[in-house]
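Trainee: Quick one: the structure is below, questions incoming.
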Amino acid sequence: MKFLDANVILRYLTCDDPKKAENCYELFQKVKKSKIKLITCEAVIAEVVYVLSSHSLYNLPRDEICSMLQTSKRESPRINSGAFSHKVCNI
């Protein structure tokens, strides 16, 4: 099992670096096919929310961030973190 860092989630969600976003997509496809398992923690999810909602960076509203994370969780259901399904949308 490998640890999923905030940078991987951010690259995947924002596609601000197309090559890195593609690599993240490929990683999540491996997860979807059960070739690897990933784990993350609430602190990583909090960092993703902080970066995406930052007024000086992406300035996204929390409901949009919540939707992005829930979609990511549905697409890669083998990423283990209770934060995806519970705490992100209640911040």
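Trainee: Filter the stretch 2-45 down to residues that are without any contact (Cβ under 8 Å) to a residue 40 or more places away in the chain and of a type in the set (A, V, I, L, M) and give me whichever is farthest from Tyr58 (Cα to Cα).
Mentor: Ile36
Trainee: Residues of the stretch 3-22 being assigned to a helix (DSSP H, G or I), surrounded by 14 or more Cβ atoms within 10 Å (Cβ to Cβ) and either touching a Pro at 6+ places or on another chain (Cβ under 9 Å) or not charged (D, E, K, R) (or both), which ones?
Mentor: First, pick out the residues of the stretch 3-22 that are assigned to a helix (DSSP H, G or I): 6-14, 18-22.
From what is left, the residues that are surrounded by 14 or more Cβ atoms within 10 Å (Cβ to Cβ) are 6-14, 20-21.
Within the stretch 3-22, Ala6, Asn7, Val8, Ile9, Leu10, Tyr12, Leu13, Thr14, Ala21 qualify.
Trainee: While we're on this one: As an exercise: evaluate Met1 against (1) modelled with pLDDT of 90 or more; (2) out of contact with any helix residue (DSSP H, G or I) (no Cβ under 8 Å at 6 or more places or on another chain) and give the number of the one condition it does not meet.
Mentor: So the condition that Met1 fails would be (1).
The values are calculated or read from the model by the stated rules, or taken from the named source; none is laboratory data. Owing to the predicted nature of the structure, the values given are computational and were not obtained by experimental measurement. When we count neighbours, we look across all protein chains shown, and the Cβ atoms used for this are built from the backbone with ideal geometry, even at glycine.
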